[in-house]
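The numbers here are math on the coordinates, done by the rules we state, and not lab data. Computed from a predicted model, the values in this text were never measured in an experiment.
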Amino acid sequence: MNKPIHPLIASDGGNVAYEDDAYGWAIEQAAHLRAGHIDRLDLINLAEEIEDVAKSERRAAESALRILMMHVLKWQMQSDRRTRSWSLSILAQRIAYDRQLEDNPSLAPLADDMRAKAFKRSRIEAAQEMDVPLRSIPLEPPSWPTILDEPFEVD
C-alpha cells in the first residue's frame, strides 16, 4: 500500500492555497518539486519564500554581529565591570557569525554593510544596558580585527 508523501497533500494533486495554510503549501510545493510536477508549482509565492530564506540568513548574521558589537562596546567602555559572561557571549556570537558565513559564503561581500546596519542597534542597546547617553557611544563600529580577533578575556 502506497502512503502519501504527507497527510496534507491531496491525493488528487490539488493545490493548497498559500494564503490559507503556509505549512501545507510548503509541504505540497516540496512534493511537487521532488516529483517533477513543475506545472503544479506556485512560482510567484515560491520565489518570494526563497527570497525570504535569504533575508532570514542575512538577518541571522546581522543579529550575531549586533550582539557581538554590543558586548564589545560594553567591554571597551566599562572595563571595571568585565565579566566572564561578557567574554563568553563575545565568543559565542563570534562563533554564530562565523557559522553563518561558513554556511552562506555569499554573505561575505555584504559584511561591511551588515556591520554598519547591526551597529546602529548595537549602539542603542549598549547605551540602554550601560545606562549612558547615546552620544557617549562611538559613532563608528569597531574594526573587524577588534570584532573578530581581539582577545576578550577576564584576568
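Points worth noting:
- Inverse mean reciprocal Cα-Cα distance (Kirkwood Rh) of segment 56-148, Å: 13.3 Å
- Number of Lys pairs (Cα under 29 Å; 8 or more positions apart or on different chains) in the chain: 5
- Theoretical ellipticity at 222 nm over the chain - DSSP helices of four or more residues, -39500 (n - 2.57) apiece, nearest 500: -20500 deg cm²/dmol
- Potential lengthening between residue 34 and residue 81 on full extension [0.36 nm per residue; Cα-Cα distance subtracted]: 11.4 nm
- Working note: Cα atoms of the chain, range along each principal axis, descending, whole Å: 68, 31, 28.
- Of interest is the spacing of the C-alpha centroids, which for segment 87-155 and segment 53-76 amounts to 6 Å.
- Rounded, prolate or oblate (a/c below 1.5 giving rounded, otherwise prolate when a/b exceeds b/c) for segment 94-133 by Cα gyration tensor: oblate
- In the chain, Cα pairs under 8 Å separated by at least six residues give a relative contact order of 23 percent.
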